[in-house]
């Protein structure tokens, strides 16, 4: 019996045997818990003596006398599949098996028919139920005889459930009610098509509410996705739900279990290699180090143990060297090829190696480390598998449980060398550049009026050589908005800038009279950077470059005042707005009052900028320049639009966040980027 997307699957109804053969052909055999496609039981199941509290909770829920849904949820690498495999084996091995059926979805085997979707989900469960009880088999066969197309994946899932699972279970109610309740084990439901998760959960919940079937428990595992929460809420099955959250398990218990895993792995390898055990203290240190690398992730620990046991004829590496590599890949005594093979092994052990290379390259190429929530903001919704991939790479990259801590790349230099030969590095830089530009575009909604405000100030406040008493607008501004220490510090900086030589004594203010440092700006360096900056001629008509040219042409005193006005407009640096001699703020000229109000509002908005947006503002040009040439047409188009539309908005935000000197440094790099085809 063949099935294609364009052809209806029809069973051969010649006789009962051909019907059951048609059913068998519709089974996703690789999704059964004991399929030969899986690793050995030793590698896929929990080690005896571990996960004790979890199994106690599950076994307690399985004693309920009414049908129950047990939802085992946990973030990637917390051991959900290992627990499901172990439970399925234990249930099957009981004197009277309690296992009704299993289905293990798989992200890693999406190319295998039926393992990542619902096409053959119901036939697979029906086949197992039919094999376990002859009375159930008769009903399944009759259902297929009545509707030969019931096995077709395009049939409504609810119809398949009713004909192939509910009715057969109704027929075995009397026989099964005398036994302990049977159990269906369904692993990784989040790996099936997301748009069908609600449909699946609805059918499973309806199954538990069937009045004429025997008591049946269902254990499902998944990652904690909103779509699954919403689906369960829609089914209103709270009374029959028992949820176990693996991420809430005590950290010490998890650490103890992972240490036990490594202890047994070391013992096994000592026997296999004919080696003597390490000294007790050294072995304990090794186990603790390996457990720390696993970072609380059973999936990562499993990959590390497999690395210890795998043989590689191309690049020989003995057991002790493997231990050293896992403990410290940055050890200078280790062969780089062996270290790279370790990285390669861990990446290939992830659920999607191509995506693992991409995400790892992205994290390695970050100009500054970011906490995971901020990294997620920067990269956007397209990188939804970011967390699941990164935690599977725990031996080489650490995602802290504390969301305020940055994602940590272990041994960044050796990883960078390893990734430099892979195309993912180039794509990662383009991704970081595009993500930074996108984030700034979405954040800078209103057009900036920064250039017009500064121009009005520069044109309406001339520097007066011999101002009348009380008539110097700049001095009135300074006396009106600066407290005594800041006012004296300003006079000192202004005095020093004009008295580099000649008669007179420099103003030496006391140490305590330093200006506030809410937004640090080294005025001489900013002035020097502005003078040295040479905008390319083709950009002179852009607002940012026009503004820089005008700033550079201003008298030094006015330039200093502009920088100080922006510095002191910061909300955290706002003073009492009275002069040092008690004069009223009314002495402040309106032109300076306007810019103070504008800048204060802008800086207040900037203070709410996320760390991800600050990162984007600081490093977008660096990412673009490192990509060498922009081959992505979408990125090229995006950059050209940003350059014309949002550059002034970025300039204003970056000045508030990092100062004028940082803006000039970023533009110096950005103007040399070739964004033409």
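Please treat every number below as a calculation from the coordinates, not as lab data. On a predicted model such as this, the values are computed, not experimentally measured, just so you know. Every residue, glycine among them, receives a Cβ derived from its backbone with ideal geometry; neighbour counts consider all protein chains shown.
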Alpha-carbon centroids, region 264-310 and region 181-259: separation in whole Å: 33 Å
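Counting other C-beta atoms within 10 Å, which of 533, 642 has the fewest, and how do the rest follow?
Listed from fewest to most nearby Cβ atoms, that is 533, 642.
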In whole angstrom, and with the biggest value first, how far do the Cα coordinates of region 16-248 range along each principal axis? 48, 41, 37
If you take all C-alpha pairs in region 123-259, what percent of them are over 17 Å apart? 65 percent
Indicate the gyration tensor shape class of region 356-469 (rounded, prolate or oblate), computed on the Cα atoms with a ≥ b ≥ c the square roots of the eigenvalues: a/c under 1.5 is rounded; otherwise a/b larger than b/c is prolate and the rest oblate. prolate
Along Cα→Cβ, 7 Å out, is where each label goes; now give me the distance between the ones at residue 609 and residue 34 in nm to one decimal. 6.2 nm
Cβ crowding within 10 Å averaged over residues, with 603-615, 348-360, 430-442 ranked highest first: 430-442, 348-360, 603-615
Compute the distance from the alpha-carbon center of region 521-545 to that of region 116-155, in whole Å. 73 Å
Just order 139-146, 161-168, 191-198 by mean Cβ neighbour count inside 10 Å, highest at the front, would you? 161-168, 139-146, 191-198
When ranked by the protection proxy of mean other Cβ atoms within 10 Å per residue, highest first, what sequence do the peptides 545-556, 217-228, 117-128 form? 117-128, 217-228, 545-556
